[in-house]
Amino acid sequence: MPYTIHLIAAARPNFMKIAPLYHELCKRDWANPVIVHTGQHYDINMSDAFFDDLRLPSPHIHLGAGTGSHAEQTGRVMIAYEKTAMETKPDLVVVVGDVNSTIACTLAAAKINYGATGTSSLHRPIIAHLEAGLRSFDRSMPEEINRLATDVLADALWTPSPDGDEHLINEGVNPDKITRVGNIMIDSFEMLRDKIEQHHTYEDYGFSKGSYAVATLHRPANVDDPDSLKKLCDTLERISTKIPIAFPVHPRTRKNLEKTDLIASLEANNNIHLLEPLNYIRFMNMVLNSKMAITDSGGIQEETTYLKIPCLTLRPNTERPITVTQGSNELCTIDDIEAYVGQILNGEFKKGSVPELWDGQTAPRTADAIQTLLQA
Ligand code: UD1
């Protein structure tokens, strides 16, 4: 009997992380990978379009949890996942990243008791965290709380970079739990590189290669406060006089822009192209052909480092410091971002290099780690 492995997918940044692992596990005869979608992200272009691009089947299990406050969202996923796990009795659960569903499923799984019928001596599924050990050291970010709590509870911690290992060791984690598997996002990119390169999204939107910026902004700290959001929009408008901006707008950001008159001003600006959230292939085509990215996302800091494209991250800290110390990412504020844009346009910005194990082979390494855990 193959082992049942739940892959938890919840929000847009998760889908790229489970896809390569799902495809790899399908090749292994001891594995029965099951995709569990919690429903945290539910819009077609935030969810279904990613499943299509990443060649994932429809989720085998859908928890339909939807949106809400942090506690509501986390609680709904916990209740639904506990029930599902008791019914389907997975041998192992893979949680990825740092969204509310990551901690919700971890917390639910950690307290399950299958009784004597469970295959694991734990009487519950083994819990593995892919993208473990990342820390921003900023507990005002919900993601940091999710990362910390998930890593305390998970049985196996798979890290993308040496700083992840160091943080876990510093927190007193048993080193036997830690395996550096590399960055799974790079596997998704490599899996779809041909399609991404052949696409012509940037031309469809009227941009030319290497002469536009891609902006994505959705962090509560940047977009929830009307004054900060206004300052941000004013800054983007000034930057757009130097380089046109493609701006796929996250639903959170759109809601906040629509509450004010900011959306009208952005829409009236011919150098700022407001777009719906793009599916994975189209979005990566936009990034690949851009001059720079302006973002507050986690994943884009990594993707641009891999592609050696300058990235300006509008945050005071990052849980992915290797993208700054080694890669092409720089943290910036609303006050200094224009100077960095100038550096990039003048060819004075750092070039960066690609971190070790960001090589497109993270999924096979992770599948090997799963096999070791299950057969131990
Ligand atoms: C979540 C993650 C964040 C991740 C981001 C990527 C947490 C705490 N946050 O933030 O780490 O970087 O996803 O997108 O888990 N909405 C829609 N349609 C959707 C999804 C959301 O309209 O498909 C709306 C929701 O109703 C809500 C808002 O967008 O009003 C925010 O959604 P939510 O999932 O709570 O958080 P994100 O900001 O997307």
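Of the trypsin sites (Lys or Arg not before Pro) found in segment 107-157, those that fall in a DSSP loop while having at most 16 other beta-carbon atoms within 10 Å are Lys111, Arg139. Our summary of shape: the Cα atoms of segment 193-345 have principal axis extents of 40, 35, 26 Å, ordered from largest down, in whole angstrom.
Computed from label points 7 Å out along Cα-Cβ, the spacing between Glu356 and Lys111 is 4.0 nm. Annotation for Asn346 and Arg193: the two label points, set 7 Å from Cα along the Cα-Cβ direction, are 3.4 nm apart.
Here the extension length gained between Asp52 and Asn317 equals 92.1 nm, from 0.36 nm per residue of separation less the Cα-Cα distance. Which of the pairs Lys17/Lys350; Lys83/Lys230; Lys17/Lys351; Lys111/Lys308; Lys231/Lys308; Lys231/Lys350 have their Cα atoms more than 32 Å apart in this structure? Over 32 Å Cα-Cα: Lys83/Lys230; Lys111/Lys308. Electrostatic bookkeeping for Thr295 treats Lys and Arg as +1 and Asp and Glu as -1; over the other residues with beta carbon under 12 Å from its beta carbon, the sum is -1.
Counting only the Cα atoms, segment 113-195 fills a convex hull of 143 Å³ per residue.
Taking other C-beta atoms within 10 angstrom as a stand-in for reagent exposure, Asp261, Asp98, Asp224, Asp176 fall in the order Asp176, Asp261, Asp224, Asp98, fewest first.
With the convex hull constructed from alpha-carbon coordinates only, the chain shows a mean projected area of 17.4 nm² over all directions.
The alpha-carbon atoms of segment 1-157 define a convex hull whose volume equals 105 cubic angstrom per residue. Starting from the Cα of Ala339, step 7 Å along the direction of its Cβ; do the same at Gln371; then give the gap between the two resulting points in nm. My value for the distance between the label points is 5.2 nm. Descending by average beta-carbon neighbour count within 10 Å, the peptides 34-43, 71-80 line up as 34-43, 71-80, the highest first.
Every number in this text was worked out from the coordinates using simple rules, so none of it is lab data. The structure displayed is predicted, hence computed values, not measured ones. For neighbour counting, all protein chains shown are included, and Cβ atoms are generated from backbone atoms with ideal geometry for every residue, glycine included.
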